[in-house]
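Structure, as structure tokens:
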Amino acid sequence: MYSIETIAEVIGARVIRQVSNSTIAHLAYDSRSISFAASSIFFAIRTKRQDGHRFLGQAYQKGIRNFVVDQDIDETALPEANILRVHSSVKALQQLAVFHREQFTIPVIGITGSNGKTVVKEWLYQLLQEDHHIVRSPKSYNSQIGVAMSLWQMKEGHDLAIFEAGISQPGEMDALEEMIRPTLGVLTNIGSAHDEGFSSTEQKLEEKLKLFRRADVVIGEEKWISNTAFKKKFMWGQGSDCRLRVVGMERESDHTVLKGYYLDYPTQLTMPFTDDASIQNAITCWSVLLVLDYNEQDINARFRRLHQVDMRLEMKQGINGCVIINDSYSADLTSFHMALHFMNSQQGSQKKTAILSDFMETGKTGRELYGTIAESLAQHGVGRVIAIGKNISEMLPRFLPEEIRVDRFDSTREFIDQMKTSAFQQETILVKGARVFNFESVVQLLEKKLHQTVLEINLNALAANLKSYQHILQPRTRLMAMVKAFAYGSGGVEIASVLQYNQVDYLAVAYTDEAVELRRSGIHMPIMVMNMEPSSFAAITDHQLQPVIYSFKLLEEFDEHLRNQALTDFPVHIEVETGMNRLGFATTEMEKLGEWLVANETIRAESVFTHLAASDDEAQDEFTRMQAGAFLAAVDVLDKHLNYPFIRHIGNTAAITRFPEYHLDMVRVGIGLYGVETAGSSLDLEPVATLRSTISQVKRLKAGDTVSYNRSGVIKEDSVIATVRIGYADGYSRRLGNGVGKMWVRGKLVPVTGTVCMDMTMIDVTSVPGVEEGDEVIVFGAELSVQQLAEWAGTIPYEILTSVSQRVKRVYFQE
């Protein structure tokens with residue numbers, strides 16, 4: 001902890017105002033994720049799309065009384081706050097991190113590379129935690145801001161630190177090296193990630209290696225560090241100069257044995273993984289343990305206990321209307337705070353429950369540890385805690401406020417034996433525990449039982465796609481996100497919660513009932529309803545929704561409703577017809593419409609828009625420009641009548657990238673948010689949805705046998721046929737039968753055989769050795785794009801995504 005005076009001196013700040021002698025223990029830069037306001041200092045950081053200075057008021061309302069800013073602000077809005085002014089808030093945050101790092105002389109492992117940084121960091125934590133009190137980066141906090149926040153976690157009692165550093169362009173590593181200053185450097189690999197930011201692989205390698213300029217030892221694969229000038233380096237590979245030479249590998253079904261030489265002495269390592277990426281990451285970790293003087297027997301014993309890193313916070317449908325947030329693989333303060341923030345961003349209006357095990361945090365006394373946990377639970381509005389483990393059962397209740405109910409159990413088995421499902425009703429439940437407590441079994445009991453076909457929604461990918469679109473917009477251009485049709489099949493409430501958390505300007509749905517569900521689930525931002533009916537007028541006004549008005553008949557009917565409710569200046573969105581010929585006022589009606597709006601105080605035009613008919617088709621570009629011209633002329637007419645500003649928008653998903661001149665005041669992003677590229681798009685979008693199923697049975701059929709209804713699948717030669725738990729009732733189209741469609745099994749595409757049934761589909765897995773019952777099948781996702789599936793089915797990705805049945809379980813996760 002540092003005084004506000006010390007921090008001001010360290011970051012070279014000019015003190016605008018000091019009203020108290022604050023002691024700072026926590027850093028904040030996101031007003032949505034403030035846990036310990038009284039002892040925090042808020043850094044107002046500016047990015048291309050967001051400006052932290054806009055959220056000073058929110059941070060102040062949450063209790064922050066210490067601020068670092070880098071521009072003039074309205075000081076009267078923060079009357080009781082200490083305010084420090086600097087040249088750059090980001091640089092000030094980094095300077096503070098450098099100062100804090102200088103207070104420690106413990107060994108620091110710095111990890112960089114294109115892939116595997118987080119896995120290597122988490123595996124090293126697993127391998128070394130029984131000997132050390134370790135501080136490490138949360139999840140993948142490896143950016144210019146993330147590294148600074150990670151370093152701040154260093155506390156007295158830690159005797160080893162592990163931090164990762166990631167860069168996307170030249171010049172970024174210098175600041176990260178200054179902060180981390182590793183004593184032991186680890187390079188995972190150099191791959192294609194962020195290639196666009198570097199002129200060559202050589203430049204990327206050179207930039208990443210800057211992290212190790214003051215390291216005592218550098219560890220890496222021979223091909224990456226053999227030609228470097230580091231004084232002491234530990235190379236692994238197959239060459240004679242490698243300190244660890246890997247000369248043999250035997251893969252079994254559930255483990256891999258590596259054989260080699262360490263300093264010319266025979267050695268081997270058995271690891272519980274078989275995929276190439278895990279093997280490479282494991283060799284990197286093996287090298288670190290050798291540098292740290294662990295012997296072969298000890299290393300193998302530790303690797304036997306190693307488990308895959310689950311980078312995800314999963315959100316699942318639970319029993320009795322509950323939502324389950326599954327983080328059942330680790331129990332430390334850093335991941336605990338992240339899980340609570342995720343819970344807050346998703347839970348809506350439901351009450352909150354936390355099921356927690358003993359925490360494996362080291363370097364803190366029980367009073368410090370469980371006092372901090374109790375404070376976080378209270379600040380995040382958790383109303384009930386189920387404490388499992390002798391330490392947490394004894395310590396946590398001492399620090400919790402009386403209004404938080406606590407149920408205590410010594411073990412997971414005791415909880416399961418006494419658990420009644422009726423005790424969980426309409427609540428969001430965070431399940432957070434150390435791996436030894438086997439909380440997976442708790443999640444299984446609480447999870448709603450559906451069949452094994454699952455639609456996984458990657459919320460990180462959704463946020464990344466949103467940022468990709470925001471990156472190409474001017475700061476003044478607003479963004480409306482389309483969440484109609486159950487958010488293109490991905491789940492309206494869950495997707496809307498992420499979009500609200502990431503501060504999009506508007507949401508749009510097709511019908512009023514969709515918007516009402518969002519309101520009831522805690523979505524408070526503006527929502528545009530595209531298809532309002534007279535029967536929904538009351539719901540529109542009761543829930544403060546913003547309807548689209550597309551005709552004088554609808555305008556007059558809604559006006560009558562508003563007059564009956566004594567409402568004025570109600571926001572609506574005016575749709576203009578320019579060539580889609582679906583809905584909208586004619587451009588020739590703008591004069592009349594403008595006069596009507598001026599004469600009536602019930603309705604205010606929030607925005608005026610039109611819908612482009614063919615913005616993704618290069619052959620129709622002339623028509624698109626005609627539509628844009630007609631729209632701009634129409635809004636000019638309206639503008640002459642209205643005595644207030646309104647938002648103009650025309651750009652849909654395809655137009656955002658193909659027609660930047662039509663961004664205007666706002667754009668509407670739809671299918672692109674979900675990772676589906678439109679024609680002509682230059683964005684590198686990530687797939688958001690993955691539809692998975694499993695194999696229920698495997699059969700060996702002879703030539704002449706037939707498969708499925710009407711014997712439509714005829715076996716031409718002896719084949720292996722697998723039945724998959726998905727059919728047209730789940731949204732897998734019958735058009736994909738008889739070899740038209742394919743699925744992804746064990747790294748290969750295999751064809752559909754016979755007719756698609758209501759609940760099952762058969763695939764030919766003859767070309768894939770070793771297929772077994774229970775094996776996973778990818779219907780679409782990163783391995784097999786929804787665009788490809790749509791092409792096979794003779795349709796568009798929209799139909800594929802929105803056709804996934806509601807009986808298919810949705811699982812939401814965030815890394």
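The values are calculated or read from the model by the stated rules, or taken from the named source; none is laboratory data. Given the structure is predicted, the values throughout are model-derived calculations rather than measurements. So basically every Cβ, Gly included, is an ideal-geometry build from the backbone, and we count neighbours across all protein chains shown. These area figures cover heavy atoms from the full protein model, side chains too; ligands, DNA and RNA do not enter into them. Shrake-Rupley method; radii C 1.70, N 1.55, O 1.52, S 1.80 Å.
Percent of Cα-Cα pairs more than 23 Å apart in segment 395-522, please.
55
For the chain, relative contact order (Cα pairs under 8 Å, six or more residues apart, normalised by length) works out to 8 percent. Our estimate of slack between residue 20 and residue 335, defined as 0.36 nm per intervening residue step minus the Cα-Cα distance, is 110.2 nm. If you look at the Cα atoms of segment 496-536, you get an Rg and a Dmax of 10.3, 33 Å.
Find the accessible area per residue for the chain; the probe is 1.4 Å, ligands and nucleic acids are left out, and the unit is Å². Intermediate results must be reported in sequence, preceding the final value.
Working: 34610 Å² over 815 residues.
Per-residue value: 42 Å².
Over segment 130-255, all Cα pairs binned in 10 Å intervals from 0 give whole-percent P(r) values of 12, 36, 34, 17, 2, listed from short to long. In the chain, helical runs assigned H by DSSP with n ≥ 4 each contribute -39500 (n - 2.57); averaged across all residues and rounded to the nearest 500, the mean residue ellipticity at 222 nm is -8500 deg cm²/dmol.
The value of relative contact order for segment 195-340, using C-alpha pairs under 8 Å at least six residues apart, is 12 percent.
Relative to the present Cα-Cα distance, how much length would full extension add between residue 569 and residue 474 at 0.36 nm per residue of separation?
Values: separation 95, 0.36 × 95 = 34.20 nm, distance 2.89 nm.
Here the segment from residue 569 to residue 474 would lengthen by 31.3 nm.
Given R₀ = 56 Å, FRET efficiency for residue 71-residue 705 by Cβ-Cβ distance, to 0.05? The calculated FRET efficiency here is 0.15. Toward the positive end of the charge dipole of segment 493-542, with +1 on the Cβ of Lys and Arg and -1 on the Cβ of Asp and Glu, the farthest Cα among 496, 538, 511 is that of 496. In this simple spin-label approximation, residue 268 and residue 802 carry label points 7 Å from Cα along the Cα→Cβ vector, and these lie 5.9 nm apart.
Can you tell me the FRET efficiency between residue 632 and residue 223 if r is taken as the Cβ-Cβ distance and R0 is 56 Å, rounded to the nearest 0.05?
Numbers: r = 57 Å, r/R0 = 1.01.
E(calc), rounded to 0.05, equals 0.50.
Taking only the C-alpha atoms of the chain, Rg followed by Dmax gives 29.1, 92 Å.
Run the accessible area of the chain with a 1.4 Å probe and give the carbon-and-sulfur part as a rounded percent. Present the calculation step by step, with values, prior to reporting the outcome.
Numbers: 16040 of 34610 Å².
That fraction is 46 percent.
Per-peptide packing, taken as the mean over residues of other Cβ atoms within 10 Å, places 665-674, 412-421, 437-446, 60-69 in the sequence 665-674, 60-69, 437-446, 412-421 from highest down.
Could you work out the percent of alpha carbon pairs in segment 93-157 separated by over 15 Å, rounded to a whole number? Each step should come with its number before you reach the end.
On the way: 1119 of 2080 pairs.
Here the long-distance tail beyond 15 Å is 54 percent of all Cα pairs in segment 93-157.
Distance between the 7 Å Cα→Cβ label points at residue 247 and residue 32: 5.5 nm.
Can you give the relative contact order of segment 614-725 as a percent, counting alpha carbon pairs under 8 Å and 6+ residues apart? Spell out each step's value before the answer.
On the way: 139 pairs, mean separation 19.1, N = 112.
RCO, segment 614-725: 17 percent.
For the residue pairs 432/748; 91/204; 139/351; 351/809, the C-alpha atoms sit more than 30 angstrom apart in 432/748. On the beta carbon distance between residue 614 and residue 782, with R0 = 22 Å, the FRET formula returns roughly 0.15. For a label point 7 Å from the Cα of residue 746 along Cα→C-beta, name the residues of segment 726-740 whose backbone N is under 15 Å from it. Counting only backbone N, you get no residues.
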